[in-house]
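This report concerns only the one structure given below.
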Amino acid sequence: MKRSWKHLLIAALGLSLMIGDAQASVVIAGTRVIFPGQDREVTLKVSNNGSAPALVQAWLDDGNQNSSPDTMEVPFTVSPAMFRLDPSKGQALRIISTGASLAHDKETLYWLNVLEIPPKAKALSTEANKLQLAFRTRIKFMYRPDNLQGRSDDSPGQVRWEVIRMEKGVGYALKATNPTPYFVNLGQISLVLKDKGYDAGAGFIAPGETTIFPIVGLTQSIDNSAEVKYLSINDFGGGVKGEYVIGSARK
């Protein structure tokens, strides 16, 4: 990559991290990627739904969203890594395994980044005085080894939930333990106590690990009627409702 392009992309990446509500023209066909362990590569389509061409760069990161594409070392390559995408056109991205050794008894999480850089406005055009923004879309990329125990669809229902005191005894949180080899992705979590719901955010629980979700507004102790309600996200990006009675863990 030429030095000028490298500097442009790093600068655009930094700008993309500060963008909140603006909408990208380049979109990814899906909200997550599952890479089966028996495959050497998977493909994913990106499309330009805008009215102008865009320069696109794609790469994977290991969880550090502030890193630049040229500093990441991951066991996959993306091809093409940089390309022009014209309006109403699509491009297939090939994500190829390098053959490096990865955990064989649980999923491994990476993140796929797609950075869109709009064309530079001509000096004399009416667009010249408008602010042009770079957009980055970042979605989960999960490597799934062969022959894992159980099914990914069943893993949310196997999570064990507890209500615990926050540090220093101020407030409460949900402690979620995932005994499965799959990532459990949750789009919404709440604790229902005496017909009142308390928001506990969203996030994911890594295989064999525990995640703490602070409960907003809960100031009282709970009883056996307390229930966790959640919306888990499956492999296709669909939401599946689930629930867990806190008292059931005490039986």
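Since every read-out is calculated from the coordinates, none of them should be taken as a lab result. What you are looking at is a predicted structure, and each value in this text was computed from that prediction instead of being measured. When we count neighbours, we look across all protein chains shown, and the Cβ atoms used for this are built from the backbone with ideal geometry, even at glycine.
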Charge tally for neighbours of Gly30 with beta carbon under 11 Å away, counting Lys, Arg as +1 and Asp, Glu as -1, is +2
Excluding residues fewer than 8 positions from Lys194 in its own chain, the aspartates and glutamates with Cα under 18 Å of it are Glu162, Asp223, Glu227, Glu243
In cubic angstrom per residue, the convex hull of the stretch 152-250 built on its Cα atoms measures 89 Å³
Around Val74 (Cβ within 12 Å, Cβ-to-Cβ, excluding Val74; K/R +1, D/E -1) the net charge comes to -3
Residues other than Gly208 with Cβ under 11 Å of its Cβ, Lys/Arg counted +1 and Asp/Glu -1, net out at -2
Going through Lys140/Lys196; Lys89/Lys241; Lys175/Lys241; Lys140/Lys241 one by one, the pairs whose alpha carbons sit over 24 Å apart turn out to be Lys140/Lys196; Lys89/Lys241
Whole-Å distance linking the alpha carbon centroid of the stretch 182-251 with that of the stretch 60-105 is 32 Å
